[in-house]
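Notes for the one structure printed next.
The values are calculated or read from the model by the stated rules, or taken from the named source; none is laboratory data. Since the structure is predicted, the reported quantities are computational estimates derived from the model, not experimental observations. In this analysis, Cβ positions are derived from the backbone assuming ideal geometry, glycine residues included, and neighbour counts consider all displayed protein chains.
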Amino acid sequence: MKEFLMKIKSCCDNLASCGEVISEHEHVTAILNGLPPEYESVISIVTASQVPYSVQGVVSMLLDAETRQQVVSSNISSSTNLVSHQPSESVNSNDSIPAYQPSNTTRGRGR
């Protein structure tokens with residue numbers, strides 16, 4: 001995320017050095033338009049707000065969201081590893097009740 005944000009800032013700085021000043025709103029819009037779907041909740045919050053977010057506010061939200069996603073991903077990986085390494089119980093152990101096996105000593109009708 002930091003790399004992406006630095007690229008956007010660099011583009012804005014390059015445009016400013018050429019005389020094309022980018023407003024705070026345009027900078028925020030450029031950030032939001034470049035985000036992947038995992039950040040849709042952040043995009044919704046920023047765009048739905050009646051008070052415009054600053055670039056620093058958006059950057060802070062995105063870095064926090066990235067940290068939360070990494071923690072969640074780490075927890076999911078840990079849970080998956082825990083489940084996959086637990087010994088399984090044998091379904092056909094000797095302690096289980098044997099399956100019903102009907103006797104087939106007679107054939108057809110009695111003779």
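In the stretch 39-54, which residues are outside any helix (DSSP H, G or I) and without any contact (Cβ under 8 Å) to a residue 24 or more places away in the chain? Residues satisfying the conditions are S49, Q50, V51. In the stretch 16-38, the residue that is farthest from Q69 (Cα to Cα) out of those that are assigned to a helix (DSSP H, G or I) and free of Cβ contacts under 8 Å to residues at least 24 places away in the same chain is S17. Among the residues making up the stretch 3-41, a single one is at pLDDT below 95, within 14 Å of M61 (Cα to Cα) and not hydroxyl-bearing (S, T, Y): E38.
Of all residues in the stretch 35-54, those that are surrounded by 13 or more Cβ atoms within 10 Å (Cβ to Cβ), under 22 Å from the mean Cα position of the chain (by Cα) and not hydrophobic (A, V, I, L, M, F, W, C) total 1. Out of all the residues in the stretch 55-77, is one or more exposed (fewer than 15 other Cβ atoms within 10 Å of the Cβ) and outside any helix (DSSP H, G or I)? So far as the stretch 55-77 goes, no, none of its residues is exposed (fewer than 15 other Cβ atoms within 10 Å of the Cβ) and outside any helix (DSSP H, G or I).
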